[in-house]
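Data block below; observations after.
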Amino acid sequence: MGKKARSASGQAKAAARKLDKSTLPSPPLPPDQEVGSAKPLDKPSLPGTGFKVIGKDGYDDGGVADLSLLIDLEDSVQRRKRGENEYFTALKADLLPRATKGPMARMSRREQKVSLAQLLFSEDDGDEDHGPSEVFSDNMDDEEDEAVLKHRNDRLSQARAALRLSLLLREPACTSLSLSELCKRKLTLEGKKGAEEALRCADKALEVAGEGFWDGDEVAIEANDSPKIPSNFEKNATTPGLANPATLKLLPIRVSYLCLRSALLQRGNGLAAIGKEDEARECYERVFPLVEDEPRCARVDWERHSLYINIGNTFSRSGDFTLADEQYKIAEQLGKDHLVDTEGSESDGKAMVATALRARAAALKKIGKIDEAKAIIKEVVEQQIKDNQIKAEKEVEEAKKKKEEDEAAAIVKANGGDVDEEIETPLSAAS
């Protein structure tokens, strides 16, 4: 029990350390009740029309619930693991895992998790990987602009920082995602030259997300600027993966599935970079069972779309246009579904169709059918010009409408009345 404080200051400190259970939040839901973004919402939680689920009632949440599961801002896993009393006592005494040195030392564990989310998921409009498509490109330019190379290198450094922070916070889901991002950004920076390191990261991401065990020291090596496994390194895999039965007592299996989806896609890209098309295709195909029961919304359809395009490209690089085009047609149909459905996402649908057509044109060019490829690209460009014109006209119309509303509101304000009164007065006068 320990000695009781005798002095007034000691008693005050002891009282401050004592946990007031009445102030504690409700305990987290059982893991099997946390479904993330798999369950559609009754009404849209975000503005816009791109969140309607195709084929049934409900709206997608934009992946917000999945992000909450992955980042775990509420520390549900730690709370289940330690118990409410022990967790909040440790939180009050600042004994939970967090970075205690460097620029983040003064940030709370929760604030550090927010920073981790920004490192992993924030994108600028100018980023090459900005947007929903995850299609691997083997067209690396050895004479790329210096500013572009610097930006790519900065993005790679951010992924390494995310991995270091994930390990410090002891967040395995973020560790797996950081490794997947390292794979992706290494390929973007170096292409085939960086494929070996990229694949190593993807393999470790799968290990962390899997049913077995992984070695934190081995994973931490990838956070170095020049990662290299020491010749005398002995692996000691003792940390259970996200799909391990011991871990599933603390978090839902969906967390593992989300991490596997990302890792498998990036591993497929890494294999494609070194010309192992059959193995790459196998990796891409392993993702489909993980998204089979996901809602038909633009967010998940982009994931499916990227898989079909990537699979088609493996056939194209192998010289088989017929099999490649089968995949491009499936990807194109995903986009058309959004255009046909009255509540589908028109902008996403058009973008999916255009991406599939561009992939088909590139495949035709590879087999020497230049004229057909040019005709497709011409169709895509003409449609894009048309869409841009419609968008510009819509923006002008919206700006005009807003200006009229602002002017009307200014007149009402100047007269000291409100909008309803100003509208009613002429009507009552006319009567």
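The values are calculated or read from the model by the stated rules, or taken from the named source; none is laboratory data. Just so it is clear, the model here is predicted, and its values are computed rather than measured. Please note: Cβ atoms are built from the backbone with ideal geometry, for glycine as well, and neighbour counts cover all protein chains shown. Heavy atoms of the whole protein, side chains included, go into the accessibility calculation; ligands, DNA and RNA do not. Shrake-Rupley method; radii C 1.70, N 1.55, O 1.52, S 1.80 Å.
Entry note, the chain: relative contact order of 14 percent, from Cα contacts under 8 Å with a spacing of 6+ residues. Less than 5 angstrom separates the built amide H of residue 239 from those of 214, 216, all sequence-distant by 5 or more or on a different chain. Placing pseudo-labels 7 Å out from each Cα toward the beta carbon at residue 408 and residue 228 gives an inter-label distance of 7.1 nm. Within the accessible area of the range 153-260, the carbon and sulfur atoms contribute 49%, probe 1.4 Å, all protein chains present. Largest GNM mean-square fluctuation across 109, 82, 304, computed for the chain with C-alpha springs under 10 Å, falls on 82. For residue 172, the shell of other residues with beta-carbons less than 11 Å away shows a net charge of -2, using +1 for Lys and Arg and -1 for Asp and Glu. Average the reciprocal distances over every distinct pair of alpha-carbons in the range 164-323, invert the result, and give the Kirkwood radius in Å. Hydrodynamic radius (Kirkwood, Cα only) of the range 164-323 equals 16.4 Å.
Scanning the chain for cysteines with no neighbouring cysteine C-beta under 4.7 angstrom from their C-beta gives 174, 259, 283, 297. Of the residues 282, 294, 211, the one with the largest accessible area comes first in the ranking 211, 282, 294, computed with a 1.4 Å probe on protein heavy atoms.
Label the range 24-94 by shape, choosing from rounded, prolate and oblate, from the square roots a ≥ b ≥ c of the eigenvalues of the Cα gyration tensor; if a/c is under 1.5 it is rounded, and otherwise prolate applies when a/b is larger than b/c, oblate when it is not. Taking the square roots of the gyration eigenvalues as a ≥ b ≥ c, the range 24-94 is prolate.
Using a Gaussian network for the chain with springs between C-alpha atoms less than 10 Å apart, which of these wobbles most: 166, 115, 37? Among 166, 115, 37, the largest GNM mean-square fluctuation belongs to 115.
With kT/(6 pi eta Rh) evaluated at 4 °C and eta = 1.567 mPa s, and Rh the Kirkwood radius from Cα pairs, the range 72-197 diffuses with a coefficient of 79 µm²/s according to Stokes-Einstein.
Once both labels are positioned 7 Å from their Cα atoms along Cα-to-Cβ, the gap between residue 64 and residue 39 label points is 1.6 nm. For the range 311-409, the square roots of the Cα gyration tensor eigenvalues, ordered a ≥ b ≥ c, give a/c of at least 1.5 with a/b greater than b/c, which places it in the prolate category. Largest first, the three principal axis extents of the alpha carbons in the range 191-271 are 39, 30, 17 Å in whole numbers.
Heavy-atom accessible area for residue 400, with the other protein chains in place and a 1.4 Å probe, reaches approximately 120 Å².
Legend: calculated FRET efficiency, residue 56 to residue 279, from the Cβ-Cβ distance at R0 = 30 Å, rounded to 0.05, equals 0.25. Taking the accessible area of the range 21-99, probe 1.4 Å, and keeping the other protein chains in place, the carbon and sulfur fraction comes to 56%. Taking every protein chain into account, the accessible area of the range 177-325 amounts to 40 square angstrom per residue (probe 1.4 Å).
Amide H to amide H, with H built 1.01 Å from N, residue 296 comes under 5 Å of 54, counting only residues 5 or more places away or on other chains.
Within the shell defined by Cβ-Cβ distances under 14 Å, the residues around residue 373 carry a net charge of +3, with Lys and Arg each +1 and Asp and Glu each -1. Using a Gaussian network model on the chain with a 10 Å cutoff between Cα atoms, which of 288, 315, 233 fluctuates the most? Of the options given, 233 has the highest mean-square fluctuation. Among residues other than residue 43 whose Cβ falls under 14 Å from its Cβ, what is the net charge (Lys/Arg +1, Asp/Glu -1)? Value of the local net charge: -3. A simple spin-label model places pseudo-atoms 7 Å from Cα toward Cβ; at residue 387 and residue 146 they are separated by 3.6 nm. Scanning the chain for long hydrophobic helices, with DSSP H runs required to stretch 24 angstrom or more by C-alpha along their axis and to average at least -1.0 on the Kyte-Doolittle scale, returns 146-169, 172-190, 253-273, 298-317, 321-340, 346-366, 370-415. Of 52/249; 276/366; 56/400; 52/403; 186/350, which ones are farther than 27 Å apart at the Cα? From 52/249; 276/366; 56/400; 52/403; 186/350, over 27 Å: 52/249; 56/400; 52/403; 186/350. The figure for residue 145 is an accessible area of roughly 90 square angstrom, using a 1.4 Å probe on the protein chains alone. In the full protein context, the range 29-121 carries 58 Å² of accessible surface per residue, based on a 1.4 Å probe and ignoring ligands, DNA and RNA. Based on the reciprocal of the average 1/r between different C-alpha atoms, the Kirkwood radius for the chain equals 25.1 Å.
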